[in-house]
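Notes follow once the structure below has been shown.
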Amino acid sequence: MGRIGVTAATTTDKRDLDAHIEDLVRRSGTSFFWGMRVLPPERRRAMYAVYAFCREVDDIADGDLTTAAKIARLDAWGEEIARLYAGGATEPIARALAPAVASFGLAKDDFLAVIEGMRIDAAARLRVADMAALLHYCDCVACAVGRLSNPVFGIGHDPGDRLAKTLGEALQLTNILRDLDEDAARDRLYLPADLLARHGIQGGDLAAVLSHPKLPDACAEIAAIAGERFAAARAILAQIGARERRPAVLMMQPYWRTYRRLLGRGFAPPRARVRLPGWEKLWVAFRYGVL
């Protein structure tokens, strides 16, 4: 784990920076907002900074730049993370991360893993060879975020790393199942080629993949893995104190509900977009954030 030297800042500078980062998080519309909002102020600011970093690099990968330009900007973020751990961060988000890294011992490698995941997403055409490659992708874009988040929540290293793996995989696999058609519109297919091949599906023509009669069977295998990961995450959460696990539970619940809706809808076309209504998100925030 890298160590960091925090650059001194005036109180006014810090307040302005904190307000800027919180505004970025609010405007993102993330379903994770209430999971962060229930934290005490120092931890909340740390999570806002972590989320803002993840949002920033994700927006690069999903943006309209050429692949080469995306990779260049992601490489620049890798250099900024190096400066962060050397005590010389220059970007506002990285400067906001400095006290979080210093206070909670966040690992440099986890920030770099998130950037690696965004490099995968930055490709003009994305296919995944096998389950090992899919789980590596999940580790970069979801589990690494959990490893950054859990120390801020106050969850210890051992349960925290196990929770990051199980819950991260559950959430990302749910995303993949939810976004099949949206991802295909970007020439992205996250279902592993070897899994598809076992069901007689060739992954080159995405229209043919998405309309294949055996696609629901392939999706059911991914859904079963996600279900196992949700169950494992709940078992780990049950061993963690109520205060420490609350943010993770608030972040998990919308995805669990989305997952259950996906199972009910099925994966044969036409696939109606699965979204949680606003009232249900508020209910989750009240039920798991207050009670």
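Read the figures in this text as sums done on the coordinates, not as results from a lab. For clarity, every value in this text was computed on a predicted model and none was experimentally measured. Cβ placement follows ideal geometry from the backbone for every residue including glycine, while neighbour counts extend to all protein chains displayed.
Residues of region 88-132 with the amide nitrogen closer than 16 Å to a label point 7 Å from the Cα of ALA184, along Cα-to-Cβ, please. Within reach of a label on ALA184: 126-128. Ellipticity at 222 nm from helices only: DSSP H runs of n ≥ 4 in the chain, each -39500 (n - 2.57), divided by the residue count, give -23000 deg cm²/dmol. In plain terms, the chain from SER103 to ALA133 could stretch by 7.5 nm, reckoned as 0.36 nm per residue minus the Cα-Cα distance. Taking the fewest neighbouring Cβ atoms within 10 Å as the starting point, the ordered list for ARG83, ARG37 is ARG83, ARG37.
Volume per residue of the convex hull around the Cα atoms, evaluated for region 218-263, comes out as 55 Å³.
Separation of region 239-285 and region 211-228, taken as the distance between their Cα centroids, equals 18 angstrom.
For the chain, the number of Lys pairs separated by eight or more positions or lying on different chains, with C-alpha atoms closer than 25 Å, is 4. Here the chain is treated with +1 on each Lys and Arg Cβ and -1 on each Asp and Glu Cβ, and its dipole about the Cα centre works out to around 1080 debye. Distance between the C-alpha centres of region 58-95 and region 119-186: 19 Å, rounded to the whole angstrom.
Each Lys or Arg adds one and each Asp or Glu subtracts one; over the other residues with Cβ under 12 Å from the Cβ of LEU189, this totals -2. Taking the Cα centre of region 139-291 as reference, the dipole from Cβ charges on Lys and Arg (+1) and Asp and Glu (-1) amounts to some 700 debye.
Calculated FRET efficiency, ALA124 to GLU91, Cβ-Cβ distance, R0 = 22 Å: about 0.25 to the nearest 0.05.
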